[in-house]
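The values are calculated or read from the model by the stated rules, or taken from the named source; none is laboratory data. On a predicted model such as this, the values are computed, not experimentally measured, just so you know. Every residue, glycine as well, gets a Cβ built from its backbone with ideal geometry; the counts of neighbours run over all protein chains shown. Side chains included, ligands, DNA and RNA excluded: accessible areas come from the protein's heavy atoms. Shrake-Rupley method; radii C 1.70, N 1.55, O 1.52, S 1.80 Å.
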Amino acid sequence: MEKSYAPERIEARWRQRWEAGGAFAPHGDGTPFCIMIPPPNVTGTLHMGHAFQDALMDILTRWRRMQGRAALWQPGTDHAGIATQMVVERKLEREGRSRQELGRDAFVAEVWNWKRESGGRITDQLRRLGASVDWSRERFTMDDELSEAVREVFVQLYEQGLIYRGTRLVNWDPVLRTALSDLEVLASEEQGHLWHLRYPMAGSDAVLTVATTRPETMLGDTAVAVHPDDARYQAWIGKSVLLPLAEREIPIIADDYVDPEFGSGCVKITPAHDFNDYRMGLRHDLPLINIFTDTAHLNDAVPAAYRGLSREQARERVLADLDAQGLLEKTENHALTIPRGDRSGAIVEPYLTDQWYVRTEPLAREAVQAVRDGRIRFVPDNWSKTYYEWMQNIEDWCISRQLWWGHRIPAWYDADGNIYVGRDEQEVRAKHALDANLPLHQDEDVLDTWFSSALWPFSTLGWPRKSAELERFYPTDILVTGFDIIFFWVARMIMMGLRFAKDVPFRRVYVHGLVRDAHGQKMSKSKGNTIDPIDVIDGIGRDALVQKRVADLMDPGKAKAIGRITREEFPEGFPASGTDALRFCFAAQATFGRDVRFELPRVLGYRNFCNKLWNATRFALLHAERLDADAPDANPGLADRWIRHRLHTTAQDVAEHLEECRFDLAAQTLYDFVWHDFCDWYLELAKATLAQNGPEAQAQSTLQTLFETLEDALGLLHPFMPFITEELCQKLPQRQKDSDAMLVNAAWPQPEAVADAEDAVATIGWLQDFVGGIRRIRAEMDIAPGRPVPVLLDGWTAQDQARFGETEGWIMGLAKPESVRWLADGEPAPESATALVGNMRVLIPLSGLIDRDAELERLDRELKKLEGTRASVQGKLSNENFVSKAPADVVEQERKRLAELEAAHAQLARQREKIKQMEHA
RNA sequence: GGGUGCUUAGCUCAGUUGGGAGAGCGUCGCCCUUACAAGGCGGAUGUCGGGGGUUCAAGUCCCUCAGCACCCACCA
């Protein structure tokens, strides 16, 4: 066995063997357990967020599988409409081609090609993480079966009156030239201006001043509004102004919406290009004048001079022209929120179009109820508040997109514009008894990507067929996802699941935080602070890392700064940490309600943990030959009982934490057990036992405990660190017999409770104090660990003697005293350094070894600490209220504690006095 | 304007129903002790953001202020 752990040597082998062995398909007839992977973009690459999320899902899946559940982790990818279309369009652009040039069919074929080429990348990366998804069930949102589910849901919703086509203002992305849902629009706080424009009164010399942040839209104004109670404008209501430049007369109306305090108290109304104005237009029956093309250039509805200008050009031109006419009163700086498309970054334009909508209110009502009555639980629970908040204010969902990549809307039109919705053209013709010669054309638009994602929990399982998988695995057990898509995805899955699969899609939703960089910054390509999880696993050189970060930057000017910062932060690049260390790191960081900062040193810490585990196994294997499988069961020794008890409680705690999705606590518990209990103490104790010439039965008991504990620890760690645990487990002597048995298929360890654990815990604790005391004196007095020192014991009890009798061999091995002598009652001790074990004093005589002043200083420090604690306990106990009101057991505990503190203090004080006197003598 | 979360050691974070402030990393000292120097042993380090309240007792519950972050929202 290699002296050090080298992850790259073991991971590929096990990935291959697990998959070949069909380990990831659900098997057995245990209670089903199912997790749906949030399908990543098919052409995307794995980022830290995925790795984090996938690590957690895999921990749950592997754990449940080991518990005997028929576990299915359903994999697959999403077609990601806009994102994928943009990527392919950009690729075409580089090749000097364009989507429009190709035409729809050729373009879609091009995207499929792209998907075939690059679609395997993210699934390969998922494999690298050790994700135990059932690859045989991999799905894609545009698979035939899933597309069928999409059409089925669309048709049924339409028939239920929950899908309709409507003409309204939508969020229009003029760069992508498609409608967007509300969720795809992000508000960004930006610095702008507030322009005060003068609108002359019709048939009068007076002017009305309106304030606006978008002067270019004035060409589409169809009214000016004031507050009905605003004294300044009472006389004007009902009259009209002459709209400058456009030379149209528009009315002055009164509406509560207007805030008299803001600007001039007078608002221009552009119903076709502003959501508020649109609503006001409806209230006052105002005409709508659309002045934009779908690329946000001015159209023919404006005077010839402005036609064809972009929004930006139009603004300048309008302002200049107004100014020239003396109609620009003033310009103020003004901060405002600007809506931008989440993909393109373009300023979104409210734009009047025909789109398809889902009526969400009835669906949302059912979806809220499912969370209210606990059929779905958010973990942590506070996310349910966010969910309610949104669901109660939900707007209808615009589901049509003017894209080519996606599920085409199953609606057909005849020449008269009649709409026919159906599963396919044939069905539509049959259903509406349409003549075979009547020309029909299908809606050009595709559905919002999230429409098919919303069906994922049941479409992947075979719906609308009543498949066995659907029957077995739906509702799924838990969804693991980020808070950023609660609205996009989680809420919509709940709505669709309840309506079509007739039950909740999952029973719990575990919401994790965002993975940020070490400084708490969001990772992004443009900031140049992204970290590829695969690079953490395999390691990457500094220069390669820099190169990766500066490649394909939107703003190449940033390359230099990014390079500098990267070199500074990672002068050595990343060392290879291995998948297990990365996974364990994620688990350890997965606490509730907090984003996680990814710090390389922490991963390295867990790589060291892997190495520790590796070497602990190596140690055990050195003794494998001595293990006699046929040895009769001996009475387990003290240390054996102690470690078995610790193993038992560890296993229980880990399972409890996992039930509650406290991955951090589970990981911490395992880390502590393996490193501190098993390696630091038990292996050292076992070493001593095995080295001594004691009875062979005792050695065999130790060996049995050693190997069994190690095997169980590997089992408990397996969901977190699948590769190294599988590798090490195979090497254990008890595993050698059955070479086909893999840990991935093993049962979750359930170590037995130890009957007389209390005694073992107390005695080992006593031993730890004893050994620790001597070590501390050595360390502080600069006595080399190997140098033998005589030890005297004073103030001991029969119990101390009994315990020493049980642990003498270990103490001699671990603390290396030259000799141990029990002082008789009243026997004078030489001046010594002191440690306390309970009330017994462990003394190491000063002669020649110990610095008297240093020991006095040390004692003073100890005494001061004791005095501080003592004072606080005394304070409590001398408080009558505490004694009378606190529970009796708490009071009793404090009394006991005070007695202990006082005894300890007395012992040390006595010791100090002694040294002091001897000094004077 | 509504809503949520965070503030604990130099750094990153645990601290479950109120009852002796913890871990990892870093740091300091000693040690290449035959599983592991990616290691061992030991040490130091905290007005638990500020203020107020409830309580015998508050990092933990309540109020308030401050700072940071995020989400939602139609003020031109």
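I need the helices (runs of 4 or more DSSP H) fully contained in the range A:1-97, keeping only those with at least 1 residues that are touching a Leu at 6+ places or on another chain (Cβ under 8 Å) and either at pLDDT below 95 or surrounded by fewer than 22 Cβ atoms within 10 Å (Cβ to Cβ) (or both).
Working: elements: A:11-20, A:48-66, A:81-94.
Passing ranges, in order: A:48-66, A:81-94.
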- Please enumerate the residues belonging to the range A:593-603 that are touching a Pro at 6+ places or on another chain (Cβ under 7 Å) and more than 7 Å from RNA strand B (Cβ to nearest atom). none
- Query: Using beta carbons and a limit of 8 Å, which pairs, at least six apart or on different chains, have the first residue in the range A:589-601 and at positive phi and the second one more than 7 Å from RNA strand B (Cβ to nearest atom) and part of a loop (DSSP other than H, G, I, E, B)?
  - Reply: A:GLY593/A:PRO380; A:GLY593/A:GLY513
- Query: Which residue pairs have Cβ atoms closer than 6 Å, lie 6 or more positions apart in sequence or on different chains, and pair a first residue in the range A:371-391 that is away from RNA strand B (no atom under 11 Å from the Cβ) with a second residue that is part of a loop (DSSP other than H, G, I, E, B)?
  - Reply: A:ARG375/A:VAL504; A:ILE376/A:VAL504; A:VAL379/A:CYS661
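List the strands (runs of 3 or more DSSP E) that sit entirely inside the range A:180-284 and contain at least 1 residues that are open to solvent by 60 Å² or more (accessible area, probe 1.4 Å).
Values: elements: A:185-200, A:207-212, A:223-226, A:240-243, A:248-254, A:266-269.
Per the criteria, A:185-200, A:207-212, A:240-243, A:248-254.
What number of residues in the range A:294-346 are farther than 30 Å from A:ALA80 by Cα, small (Gly, Ala, Ser) and not in a strand (DSSP E or B)?
We begin by selecting, within the range A:294-346, every residue farther than 30 Å from A:ALA80 by Cα; these are A:298-309, A:312-336.
Now narrow it down to the ones that are small (Gly, Ala, Ser): A:301, A:304-305, A:308, A:314, A:320, A:324, A:326, A:335.
Retained after the next criterion (residues that are not in a strand (DSSP E or B)): A:301, A:304-305, A:308, A:314, A:320, A:324, A:326.
The qualifying residues number 8.
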- Between residues in the range A:653-670 that are on the phi > 0 side of the Ramachandran plot and residues that are buried (at least 20 other Cβ atoms within 10 Å of the Cβ), which pairs lie under 7 Å by C-beta distance while being six or more apart or on different chains? A:CYS661/A:TYR510
- Message: Tell me whether the range A:141-148 contains one or more residues that are more than 25 Å from A:MET493 (Cα to Cα) and crowded, with 23+ Cβ neighbours inside 10 Å.
- Response: no
- Note on the structure: Exactly one of A:VAL318, A:VAL302, A:VAL358, A:VAL348 is more than 29 Å from A:VAL226 (Cα to Cα) and buried (at least 16 other Cβ atoms within 10 Å of the Cβ), and that one is A:VAL358
- Among (1) touching a residue at least 12 places away in the same chain (Cβ under 8 Å); (2) within 14 Å of RNA strand B (Cβ to nearest atom), A:LEU245 falls short only on (2)
- Task: Could you run through the range A:483-502 and say how many residues are away from RNA strand B (no atom under 16 Å from the Cβ) and free of Cβ contacts under 8 Å to residues at least 40 places away in the same chain?
- Result: 1
- Flag if A:VAL511 is aliphatic (A, V, I, L, M), within 16 Å of RNA strand B (Cβ to nearest atom) and crowded, with 22+ Cβ neighbours inside 10 Å: yes
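Hey, among A:ARG343, A:ARG315, which residue is of a type in the set (D, E, K, R), within 16 Å of RNA strand B (Cβ to nearest atom) and at pLDDT below 90? I'd like the intermediate steps shown before the answer.
Values: A:ARG315 fails: at pLDDT below 90.
Just a single option satisfies the conditions, and that option is A:ARG343.
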- Quick check, is A:LEU604 under 30 Å from A:GLU711 (Cβ atoms), in contact with a Ser or Thr (Cβ under 9 Å, 6 or more places away or on another chain), without any contact (Cβ under 8 Å) to a residue 40 or more places away in the chain and not polar (S, T, N, Q)? yes
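Among helices (runs of 4 or more DSSP H) lying entirely in the range A:496-587, which contain 1 or more residues that are touching a Phe, Trp or Tyr at 6+ places or on another chain (Cβ under 8 Å)? I'd like the intermediate steps shown before the answer.
Values: elements: A:533-538, A:542-550, A:559-569.
Answer list for the range A:496-587: A:533-538, A:542-550.
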- Task: Answer yes or no as to whether A:PRO464 is within 24 Å of A:ILE35 (Cβ to Cβ), open to solvent by less than 50 Å² (accessible area, probe 1.4 Å) and in contact (Cβ under 8 Å) with a residue 60 or more places away in the chain.
- Result: yes
- Only one of (1) within 16 Å of RNA strand B (Cβ to nearest atom); (2) open to solvent by 10 Å² or more (accessible area, probe 1.4 Å) is not met by A:ASP759, so which one is it? (1)
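Looking at this structure, is A:TRP135 open to solvent by 10 Å² or more (accessible area, probe 1.4 Å), of a type in the set (A, V, I, L, M, F, W, C), in contact with a helix residue (DSSP H, G or I) (Cβ under 7 Å, 6 or more places away or on another chain) and closer than 29 Å to A:GLY28 by Cα?
Numbers: open to solvent by 10 Å² or more (accessible area, probe 1.4 Å): yes; of a type in the set (A, V, I, L, M, F, W, C): yes; in contact with a helix residue (DSSP H, G or I) (Cβ under 7 Å, 6 or more places away or on another chain): yes; closer than 29 Å to A:GLY28 by Cα: yes.
Taking the combined requirement at face value, the residue satisfies it.
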- Query: Looking at (1) away from RNA strand B (no atom under 16 Å from the Cβ); (2) in contact (Cβ under 8 Å) with a residue 60 or more places away in the chain, which is the one condition that is false for A:LYS731?
  - Reply: (1)
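Suppose we keep only residues that are surrounded by fewer than 23 Cβ atoms within 10 Å (Cβ to Cβ) and in contact (Cβ under 8 Å) with a residue 60 or more places away in the chain within the range A:675-688. Which one would you say is nearest to A:ILE764 (Cα to Cα)? Please lay out each step first, then the result.
Initial filter on the range A:675-688 (surrounded by fewer than 23 Cβ atoms within 10 Å (Cβ to Cβ)): A:675-677, A:679-681, A:683-684, A:687-688.
Remaining after also requiring in contact (Cβ under 8 Å) with a residue 60 or more places away in the chain: A:675, A:679, A:681, A:683-684, A:687-688.
Numbers: A:TRP675: 17, A:CYS679: 15, A:TRP681: 9, A:LEU683: 13, A:GLU684: 13, A:LYS687: 15, A:ALA688: 14 Å.
Among those residues, the one meeting the criterion is A:TRP681.
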- Task: Output the residues belonging to the range A:761-817 that are in contact (Cβ under 8 Å) with a residue 60 or more places away in the chain, under 25 Å from A:ALA903 (Cα atoms) and outside any helix (DSSP H, G or I).
- Result: A:MET781, A:GLY795
- Among the residues of the range A:402-446, which ones are over 25 Å from A:PRO174 (Cβ atoms), open to solvent by less than 50 Å² (accessible area, probe 1.4 Å) and β-branched (Val, Ile, Thr)? A:VAL421, A:VAL428
- What pairs can you find where one residue is in the range A:324-350 and more than 12 Å from A:ASN171 (Cα to Cα), the other is open to solvent by 50 Å² or more (accessible area, probe 1.4 Å) and part of a loop (DSSP other than H, G, I, E, B), and their Cβ atoms are less than 7 Å apart, with a gap of 6+ or different chains? A:SER344/A:VAL175
- Query: For the range A:831-873, what are the residues that are open to solvent by 10 Å² or more (accessible area, probe 1.4 Å), at pLDDT below 85 and outside any helix (DSSP H, G or I)?
  - Reply: A:GLU831, A:SER847, A:GLY848, A:LEU849, A:ILE850, A:ASP851
- Failed condition for A:GLN521, given (1) in contact with a strand residue (DSSP E or B) (Cβ under 8 Å, 6 or more places away or on another chain); (2) polar (S, T, N, Q); (3) open to solvent by 10 Å² or more (accessible area, probe 1.4 Å): (1)
- Query: Do the conditions hold for A:ALA370, that is, is it touching a helix residue (DSSP H, G or I) at 6+ places or on another chain (Cβ under 8 Å), at positive phi and open to solvent by less than 20 Å² (accessible area, probe 1.4 Å)?
  - Reply: no
- Task: Looking at (1) open to solvent by 50 Å² or more (accessible area, probe 1.4 Å); (2) touching a Pro at 6+ places or on another chain (Cβ under 9 Å); (3) within 16 Å of RNA strand B (Cβ to nearest atom); (4) among the basic types (Lys, Arg), find the lone condition where A:ARG821 falls short.
- Result: (3)
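Based on this model, can you work out whether A:ASP630 counts as away from RNA strand B (no atom under 13 Å from the Cβ), open to solvent by 20 Å² or more (accessible area, probe 1.4 Å) and free of Cβ contacts under 8 Å to residues at least 60 places away in the same chain? Please lay out each step first, then the result.
Details: away from RNA strand B (no atom under 13 Å from the Cβ): yes; open to solvent by 20 Å² or more (accessible area, probe 1.4 Å): yes; free of Cβ contacts under 8 Å to residues at least 60 places away in the same chain: yes.
Considered against the rule, which asks whether it is away from RNA strand B (no atom under 13 Å from the Cβ), open to solvent by 20 Å² or more (accessible area, probe 1.4 Å) and free of Cβ contacts under 8 Å to residues at least 60 places away in the same chain, A:ASP630 comes out as yes.
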